[in-house]
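Take a look at the structure below.
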Amino acid sequence: MRAITAQLPGVPEVLVPTEVPLPTPGPGEVLVKVAAAGVNFIDTYLRSGVYRTPFPIFPGSEGAGLIEQLGDGTEEFSLGQPVAWANSLTGSYAEYALVAASQVLPLPPGLPLETAAALPLQGMTADYLTRSTYGVTRGTQAVIYAAAGGVGGLATQMALAAGARVIATVGTADKIATVEAFGVEPSDIIVLGAMSQLERQLPQAILERTNLAGADVIYDGIGQTTFRATLAALRPRGMAVLYGGASGQVEPFDPQELNAHGSLYLTRPKLGDYSRTRQELLDRAGRVLQAAVSGDLVVRIGQRFALTNAVEAHRAIESGLTQGKILLIPGATTWDTPNQ
Ligand SMILES: NC(=O)c1ccc[n+]([C@@H]2O[C@H](COP(=O)([O-])OP(=O)(O)OC[C@H]3O[C@@H](n4cnc5c(N)ncnc54)[C@H](OP(=O)(O)O)[C@@H]3O)[C@@H](O)[C@H]2O)c1
């Protein structure tokens with residue numbers, strides 16, 4: 001089968017297509033024919049060496065497809081069953097992926113495989129951030145950065161559905177319409193690209209919109225460029241939820257700053273700690289996948305790339321210009337042409 005691999009950490013160009021043996025599922029594993037693989041920031045952190053891992057790597061954590069083979073002890077699933085996953089054993093940027101049965105997410109009827117591939121990581125992350133890390137409720141003043149993006153867009157919809165007021169940021173004005181369509185008040189949308197001094201102007205923009213009180217919670221997946229502003233824009237005892245570093249990882253800092261800004265809470269969460277049991281994983285996935293089927297959650301596929309074009313897909317997500325989800329499609333791949 002064909003799969004994407006990287007021999008060494010580095011720029012997107014280290015991602016190259018290769019021919020590898022079709023994996024065989026061992027006990028407690030299933031082999032899935034990949035219909036679509038989701039592209040996530042964690043894939044770029046691993047590829048570039050920001051997160052240390054032994055090389056070579058076969059990238060891609062999430063995807064969706066049809067079960068092709070069942071390993072021993074996986075009788076709860078069936079051949080041809082549509083499933084998704086947030087973690088694969090062999091890498092999801094491939095024609096086939098091995099998935100541990102404990103990670104298999106059965107799909108509800110009526111959910112297209114591409115939509116399913118878009119949801120495991122970003123959707124379950126948005127779910128735990130808004131429901132469990134800081135459970136937003138009616139009246140919560142929540143700030144969500146990159147609200148036209150993957151996690152940001154889904155978290156915005158979930159927070160609004162829970163009755164929160166969402167103050168949203170977007171990098172550029174062309175993303176405003178996406179966030180307005182979720183139901184965010186136009187006056188609650190802040191365009192970061194218009195700010196020459198983010199550290200001063202972003203807290204000011206948030207404080208102005210909260211009667212100078214500050215936000216209850218700020219969901220910050222941008223990281224390096226926004227983190228100082230995040231601390232300065234919370235109310236006393238508010239919570240900074242630093243869940244990623246799209247602009248780079250946050251530098252070490254002095255915890256006294258939490259004191260100086262009003263006894264703030266800071267957390268740096270990850271999905272694995274919010275899906276610790278099979279039941280918790282299934283509850284989160286079930287909620288998100290079902291909301292996509294019912295239409296309560298709008299899942300936007302921003303861009304699709306042929307599997308051979310993983311380089312362009314990584315360039316796209318790292319550019320910060322995308323909206324919604326980026327997918328790699330093995331079936332769209334012609335192995336001797338670079339793009340679809
Ligand atoms: N902790 C977890 O469990 C977990 C799980 C999944 C994802 N994440 C994190 O969630 C964050 C968002 O991931 P995503 O997959 O949903 O991506 P995304 O939101 O679709 O893309 C990231 C967005 O960040 C903004 N951004 C600001 N500065 C940027 C820069 N220098 N480079 C790139 N983007 C920049 C851009 O939006 P604007 O132009 O609108 O500012 C961009 O669209 C990432 O930090 C990722 O690591 C965390």
For the residues Y274, Y219, what sequence is obtained by ranking on other C-beta atoms within 10 Å, fewest first? Y274, Y219
In what order do Y45, Y51 fall by count of nearby beta-carbon atoms within 10 Å, going from fewest to most? Y51, Y45
If R0 is 45 Å, what FRET efficiency do you get for T172 and E68 from their C-beta distance, rounded to 0.05? 0.60
Counted neighbours (other Cβ, 10 Å), sorted fewest up, put K270, K325, K175 in the order K270, K175, K325
Excluding L297 itself, what net charge comes from residues whose Cβ is under 15 Å from its Cβ, given Lys and Arg +1 and Asp and Glu -1? +2
Relative contact order of region 135-269, pairs being alpha-carbon contacts under 8 Å that are 6 or more residues apart, as %: 19
Highest mean first, how do 210-216, 29-35 rank when packing is the count of other Cβ atoms within 10 Å averaged over residues? 29-35, 210-216
Helices from the chain with mean Kyte-Doolittle at least 1.0 and a Cα length along the axis of 15 Å or more, per DSSP H: which? 150-161
Each label sits 7 Å from Cα toward the beta-carbon; between S196 and A161 the label points are separated, in nm, by 4.2
How much net charge surrounds G80 when only other residues with a Cβ under 11 Å from its Cβ are counted (Lys, Arg +1; Asp, Glu -1)? 0
Ellipticity estimate at 222 nm from DSSP helix runs (n ≥ 4, -39,500 (n - 2.57)) divided over the chain, nearest 500: -7500 deg cm²/dmol
Could you rank the peptides 307-319, 277-289 by their average count of other C-beta atoms within 10 Å per residue, with the highest value first? 307-319, 277-289
Compute the signed sum of charges (Lys and Arg +1, Asp and Glu -1) over the other residues within less than 10 Å, Cβ to Cβ, of G193. 0
Please give the length that would be gained between A181 and E318 if that part of the chain were fully extended, namely 0.36 nm times their separation in residues minus their C-alpha to C-alpha distance (nm, one decimal). 46.9 nm
Could you give the length gained by full extension between R276 and Y51, i.e. 0.36 nm per residue of separation minus their alpha carbon distance, to one decimal place? 78.9 nm
Return the distance in nm (one decimal) between the two label points of a simple spin-label model at T18 and A332, each offset 7 Å from Cα along Cα→Cβ. 2.5
If I model a spin label as a point 7 Å beyond the Cα along the Cα-Cβ vector, how far apart are those points for R2 and L212 in nm? 6.1
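Just so you know, all these numbers are worked out from the coordinates, no wet-lab data involved. Quick caveat: nothing in here was measured; it's all calculated off a predicted structure. Note that each Cβ is placed from the backbone with ideal geometry, even for glycine, and that neighbours are counted across all protein chains shown.
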